[in-house]
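Student: The structure is given below, and queries will be raised subsequently.
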Amino acid sequence: MNVPLLDLKAQYATLKDKMMPAIEEVMEAQWFIGGPNVTALEEAVAEYSGCSKGIGVSSGTDALLASLMVLDIGQGDEVITTPFTFFATVGSIWRTGARPVFVDIEPDTYNIDPAKIEAAVTENTKAIIPVHLYGQMCDMDPIMAIAEKHNLYVIEDAAQSIGSTYKGRKAGSIGTTGCFSFFPSKNLGCNGDGGMVVTNDVELGDKIAMFRNHGMQPKYFHKFIGGNFRLDALQAAALLVKLPHLEGWSAGRRANAARYNELLADCDEVTTPVIREENVTIFNQYVIRVPNRDACKQFILDAGIGCDVYYPLCLHQQECFAPLGYNDGDFPVSEQAATEVIALPIYSELTDEQIQYVAGKVKEFIAG
Ligand SMILES: *Cc1c(COP(=O)(O)O)cnc(C)c1O
């Protein structure tokens, strides 16, 4: 049996009837930058996320970069984040000239450990970027309390967590800004690259909207230096077709996760995902811990099952961040996770037969 890690063709088959006319409408209008689709998507995503404003941007990476730049974070500043995330979180901090400062993660959720944040705060700290990894939100109450106490911005990296909740509050709605990615493998993916910043600070949102278009308003009058960080109309039209399905897809992923949990429950060597009681996750990834992870990955791949490791090397250990001066062993919880985690197929169109096959192969590996 073949089970891909993600089957976007299966999703597209269910959407084609609506997707093609939506794309064609943009083609007929020949209005590709900004316009009604982009505005409608911004309003819809803002509302879905419990925010007063959404600003479509070119990617999740640019959502992070635009947030940091508009908040005037740069040279001499420090930004606290996790070393166990996708590169873009940390790359964005670096690109502003600010210094990324790492704080280790919780061993069960893989999210930044709030209990370790305050020790990393200095007089230069300007912001915290909590990353809601794999679809589950960080423990935001203590993070917001630290931010308030030290007057810090909070930029939620919600690239993997659109629609997730923490104590009933949506990802992206708690911090200063929230950053979404519409990369095709995210729960809400477009037909290329795209992203969005959401915020409840209308003034800040207006500034980000200008920033993503060269700081321009009105046309050819530039109040500050921004760039081209725009989301295009073809992507917005595609996302408007997909957004109504997002809740259903995420529910499907949760149901599949529950099925995996059940099938793997009698396997002590496998650690299934821990989702806190106050959280509803969207399972962008279903990540387990296994002994002999690399051998397990090969065994699963050989059985025709797609799987991957998010992420095999922590950010403080990356060659490009050597100038930060961190060493192996500085963040032991993250480093251990990097050697043990593996993501299994979790997309909503999976059949029960496929889930049973995947879980069976994991157990077969463990049994030796
Ligand atoms: C995908 C992702 C990003 C970057 O989003 P892009 O749209 O690919 O630029 C940033 N942070 C995290 C945690 C991500 O998973």
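The values are calculated or read from the model by the stated rules, or taken from the named source; none is laboratory data. Worth saying up front: this structure is predicted, and the values here are computed from it rather than measured. Here the Cβ positions follow ideal geometry from the backbone for every residue, glycine too, while neighbour counts run over all protein chains shown. In case anyone asks, the SASA skips ligands and DNA or RNA and just uses the protein heavy atoms, side chains included. Shrake-Rupley method; radii C 1.70, N 1.55, O 1.52, S 1.80 Å.
Student: Tell me, which residue of segment 255-274 that is free of Cβ contacts under 8 Å to residues at least 12 places away in the same chain and part of a loop (DSSP other than H, G, I, E, B) is least open to solvent (accessible area, probe 1.4 Å)?
Tutor: Among them, the one singled out is Ala265.
Student: Within segment 115-139, can you find the residues that are without any contact (Cβ under 8 Å) to a residue 40 or more places away in the chain and either small (Gly, Ala, Ser) or within 16 Å of the ligand (Cβ to nearest atom) (or both)?
Tutor: Just the residues of segment 115-139 that are without any contact (Cβ under 8 Å) to a residue 40 or more places away in the chain, to begin with: 115-119, 123, 132, 138.
Matches in segment 115-139: Ala115, Ala119, His132, Cys138.
Student: In this structure, is Leu68 within 15 Å of the ligand (Cβ to nearest atom), under 19 Å from Ile174 (Cα atoms), out of contact with any strand residue (DSSP E or B) (no Cβ under 6 Å at 6 or more places or on another chain) and outside any loop (DSSP other than H, G, I, E, B)? Break it down into steps so the answer makes sense when it comes.
Tutor: Details: within 15 Å of the ligand (Cβ to nearest atom): yes; under 19 Å from Ile174 (Cα atoms): yes; out of contact with any strand residue (DSSP E or B) (no Cβ under 6 Å at 6 or more places or on another chain): yes; outside any loop (DSSP other than H, G, I, E, B): yes.
Yes.
Student: I've got another one for you. Just give me the residues in segment 147-186 being away from the ligand (no atom under 11 Å from the Cβ), polar (S, T, N, Q) and touching a helix residue (DSSP H, G or I) at 6+ places or on another chain (Cβ under 9 Å), in sequence order.
Tutor: Ser164, Thr176, Thr177, listed by residue number.
Student: How many of the residues in segment 150-162 are in contact (Cβ under 8 Å) with a residue 24 or more places away in the chain and surrounded by fewer than 24 Cβ atoms within 10 Å (Cβ to Cβ)?
Tutor: First, the residues of segment 150-162 that are in contact (Cβ under 8 Å) with a residue 24 or more places away in the chain: 150, 152-162.
In the following step, the residues that additionally are surrounded by fewer than 24 Cβ atoms within 10 Å (Cβ to Cβ) were identified as 150, 152-154.
Qualifying residue count for the region: 4.
Student: If you check Lys297 against the conditions, is it open to solvent by 60 Å² or more (accessible area, probe 1.4 Å) and either at pLDDT below 95 or not in a loop (DSSP other than H, G, I, E, B) (or both)? Step through it out loud before you land on a result.
Tutor: On the way: open to solvent by 60 Å² or more (accessible area, probe 1.4 Å): no; either at pLDDT below 95 or not in a loop (DSSP other than H, G, I, E, B) (or both): yes.
It is false that Lys297 is open to solvent by 60 Å² or more (accessible area, probe 1.4 Å) and either at pLDDT below 95 or not in a loop (DSSP other than H, G, I, E, B) (or both).
Student: Can you give me the number of residues within segment 209-254 that are open to solvent by 70 Å² or more (accessible area, probe 1.4 Å), closer than 16 Å to Phe180 by Cα and not in a helix (DSSP H, G or I)?
Tutor: Initial filter on segment 209-254 (open to solvent by 70 Å² or more (accessible area, probe 1.4 Å)): 214, 217-223, 225, 228, 230, 244, 247, 254.
Subset that is closer than 16 Å to Phe180 by Cα: 230, 247.
Still in the list and also not in a helix (DSSP H, G or I): 230.
Counting residues in segment 209-254 that are open to solvent by 70 Å² or more (accessible area, probe 1.4 Å), closer than 16 Å to Phe180 by Cα and not in a helix (DSSP H, G or I) gives 1.
Student: Okay, moving on. Report the residue count in segment 100-126 for those that are in contact with a Ser or Thr (Cβ under 9 Å, 6 or more places away or on another chain) and part of a loop (DSSP other than H, G, I, E, B). Spell out how you get there, then give the answer.
Tutor: Keep residues of segment 100-126 that are in contact with a Ser or Thr (Cβ under 9 Å, 6 or more places away or on another chain), which gives 100-105, 108, 110-113.
Right, trim to part of a loop (DSSP other than H, G, I, E, B) and you get 103-104, 108, 110-111, 113.
Qualifying residue count for the region: 6.
Student: Okay, moving on. Of the conditions (1) closer than 21 Å to Met69 by Cα; (2) open to solvent by 40 Å² or more (accessible area, probe 1.4 Å), Glu278 clears all except one; give me its number.
Tutor: (1)
Student: Follow-up question, since we're still on this one. If you go through segment 41-56 one residue at a time, do you hit one that is in contact (Cβ under 8 Å) with a residue 12 or more places away in the chain, within 13 Å of the ligand (Cβ to nearest atom), surrounded by 20 or more Cβ atoms within 10 Å (Cβ to Cβ) and within 16 Å of the chain's Cα centre (by Cα)?
Tutor: Looking only at segment 41-56, we keep the residues that are in contact (Cβ under 8 Å) with a residue 12 or more places away in the chain, and these are 41-42, 44-46, 48-56.
After this cut, where a residue has to be within 13 Å of the ligand (Cβ to nearest atom) as well, the list is 56.
Now restrict to residues that are surrounded by 20 or more Cβ atoms within 10 Å (Cβ to Cβ): 56.
Subset that is within 16 Å of the chain's Cα centre (by Cα): 56.
There is at least one residue in segment 41-56 that is in contact (Cβ under 8 Å) with a residue 12 or more places away in the chain, within 13 Å of the ligand (Cβ to nearest atom), surrounded by 20 or more Cβ atoms within 10 Å (Cβ to Cβ) and within 16 Å of the chain's Cα centre (by Cα).
Student: Asp206 fails exactly one of the following numbered conditions: (1) part of a loop (DSSP other than H, G, I, E, B); (2) at pLDDT 95 or above; (3) open to solvent by 40 Å² or more (accessible area, probe 1.4 Å). What is the number of that condition?
Tutor: (1)
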